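FYI, it's all coordinate maths here, none of it is from the lab. Remember, it's a predicted structure, so these values are computed and weren't measured experimentally. Cβ sites come from the backbone with ideal geometry, for glycine too, and all protein chains shown count toward neighbours.
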Amino acid sequence: MADDRKNDATIEMGEKMQQNSHFSAQPKPVEVRSSPVLASSVTNNPVIAIASYCGSSILMTVTNKYVLSGTGFNMNFLLLAVQSIVCILAITTAKSASLITFRSFSRDEARKWFPISLLLIGMIYTSTKALQFLSIPVYTIFKNLTIILIAYGEVLWFGGSVTSMALLSFGLMVMSSVIAAWADVSHALASYGGDALTGEAADKISTLNAGYLWMLFNCFCSATFLLAMRKRIKLTNFSDYDTMYYNNLLSIPILLLCSLFLENWSSVNLNANFPPATRTWILSTMVISGLSSVFISYTSAWCVRITSSTTYSMVGALNKLPIAISGLIFFDAPVTVPSVSAIAVGFVSGLVYAVAKVRQKKDAGAKGAPSVLPTTSASVQSMRDSLKS
């Protein structure tokens with residue numbers, strides 16, 4: 001499930017590339033040893049780790065936008081349920097193969113974690129609605145506003161602080177959002193007949209306004225979810241995969257019930273959401289988007305393990321640019337001077353914020369304060385960037 005920062009207990013995922021001891025006694029060991037040596041060189045390569053993380057983030061964003069941009073698509077709860085089911089199947093299979101590990105299901109822990117899953121559903125659902133009405137670049141730019149809410153939430157609830165450089169980044173984030181909204185409205189007025197109150201332009205602006213409203217809801221839901229999850233993770237000591245397991249498992253029944261009772265399951269509506277000509281491809285894309293959430297979690301932990309949390313923070317900021325550009329390449333997002341300027345300002349704001357967090361961490365270390373990783377789990381951060389992330 002199914003995308004700024006990470007959790008105090010960010011998991012360090014070691015590779016499970018163990019060799020059986022009898023291989024060394026074989027008469028032809030060269031062929032057997034070459035594979036683990038090659039695998040080790042790949043899994044310890046920071047460039048490959050970073051590229052994999054960026055690629056998985058873009059994959060999830062593009063696949064979700066493809067499904068949600070379908071004509072009249074209105075079964076968002078079903079999409080999220082499929083993604084959660086695929087995610088659970090994938091990580092339980094990986095656990096059975098000893099590739100990853102997470103704690104077994106506990107009814108008591110599930111009861112305590114259930115409110116967090118409800119907040120997650122609110123975050124992801126509003127995210128899909130916003131992504132449905134807005135282009136990927138605009139969605140990505142407005143998603144930065146969540147950082148501001150999280151920062152001040154930490155000040156209120158966790159005794160955090162906001163530096164002058166962080167304030168500068170917040171100003172740039174707000175500026176990029178204003179430019180993006182202005183670019184969208186200007187493009188609608190220039191491309192469609194009528195004015196802001198009549199004609200096709202009015203319909204387009206009405207759609208954009210709906211997207212901005214859902215984006216506002218999503219920013220508040222995301223900040224609430226991430227702050228609440230950080231509090232709960234400190235109490236439960238969940239790892240990334242523990243978090244992913246409980247979030248998705250507890251979300252499945254709620255999402256299925258919401259889909260069955262709140263969405264239209266008539267044959268006419270199913271054919272509208274999944275046209276026969278593209279049905280197989282749409283369903284396959286939904287499965288891929290579910291798998292990509294697992295890839296994001298793994299590659300996030302991989303980046304932290306191979307590089308550092310500081311490098312990962314910078315990668316998260318830099319990753320905004322290719323995600324925004326993917327919307328220009330794969331979808332009909334307007335390419336204008338204001339829209340490109342909004343992407344550029346949003347990109348710079350992310351960099352400034354990442355640098356501010358790095359400096360704040362160094363200052364805390366110099367004063368003898370405990371070194372902490374960014375504020376949310378790697379998997380949820382990426383999810384929130386792409387969908388969610």
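A few remarks follow.
- Along the axis of the charge dipole computed for segment 47-386 (Cβ charges of +1 for Lys and Arg, -1 for Asp and Glu, origin at the Cα centre), the listed residues CYS221, MET123, ALA94 are led at the positive end by ALA94.
- Full-stretch length increase - THR336, LEU260 - with 0.36 nm per residue and alpha-carbon distance subtracted: 23.2 nm
- Taking each residue as 0.36 nm, the span from SER284 to ALA272 lengthens on full extension beyond its C-alpha to C-alpha distance by 2.6 nm.
- Segment 51-130 versus segment 209-272: alpha-carbon centroid distance in Å: 8 Å
- Applying 0.36 nm per residue to the separation of THR101 and SER41 and subtracting their alpha-carbon distance, the gain on full extension is 19.3 nm.
- Zero-based 20 Å bins, Cα pair distances in segment 47-386, whole percents: 30, 60, 11, 0
- For the listed residue pairs LYS112/LYS357; LYS143/LYS361; LYS65/LYS231; LYS129/LYS361; LYS112/LYS320, the alpha carbons are over 26 angstrom apart in LYS112/LYS357; LYS65/LYS231; LYS129/LYS361; LYS112/LYS320.
- Whether segment 243-306 is rounded, prolate or oblate, judged on the alpha carbon gyration tensor where a/c under 1.5 counts as rounded: oblate
- Paired Rg and Dmax values of segment 39-159, which use every Cα atom, in angstrom: 17.9, 47
- From the C-alpha gyration tensor of segment 107-258, square roots of 5λ in Å: 34, 22, 9
- Magnitude of the charge dipole, segment 47-386, Cβ model with Lys/Arg +1 and Asp/Glu -1, debye to 20: 1120 debye
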